[in-house]
Amino acid sequence: WLATCCVDAQCRIWDVATGILKQTLPRANARVHSLAWSADALYLAVGDGLGGVKMWQRKRHADLSSQVAEFGVTAHDGPVHALVFAKGVGVPKDNHDNNTDKGLMLLLTAGSDGSVKVWHCQTHSVIRVLKAHQG
């Protein structure tokens, strides 16, 4: 699978082996600046020019066509320049537990506001905010 986005705020999913367009996702709220697949290809995230992030989760061997964005938020003040999925190594299972959940799926978003946010993909909540950059 390959995901592409264009200045028209439209994202498309392609079958790389055949070159066939498999589906077109609903338009983002603004021009898309970033997108990322998770390593297992079950999650797709899109970041737009207004700070919005949308994420879809698909079931194995299924496409995203029947799903509305599972997760959609204004994540940053300004464009979302980078997205990456990661497993939750080092992230506590909860605030009272020193054990970590190595299977936890995370989405990291970086915006022009200088922050990086770490999102819990299952609960759609922010786990950490890193603020170290200017613009």
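Compare I20, I127 by solvent-accessible area with a 1.4 Å probe and give them largest first, with all protein chains kept in place.
Output order, biggest surface exposure first: I20, I127.
How much accessible surface does V16 have with a 1.4 Å probe, in Å² rounded to 10?
The value for V16 is about 100 Å².
With each pseudo-label sitting 7 Å past Cα toward Cβ, what's the T24-L2 distance in nm, one decimal?
The two pseudo-label positions are separated by 1.9 nm.
The values are calculated or read from the model by the stated rules, or taken from the named source; none is laboratory data. The structure presented is a predicted model; accordingly, all values stated were derived computationally and were not measured. Note: ideal-geometry Cβ built from the backbone for every residue, glycine included; neighbour counts use all protein chains shown. Accessible surface is based on the protein model in full, side chains and every heavy atom, while ligands, DNA and RNA are left aside. Shrake-Rupley method; radii C 1.70, N 1.55, O 1.52, S 1.80 Å.
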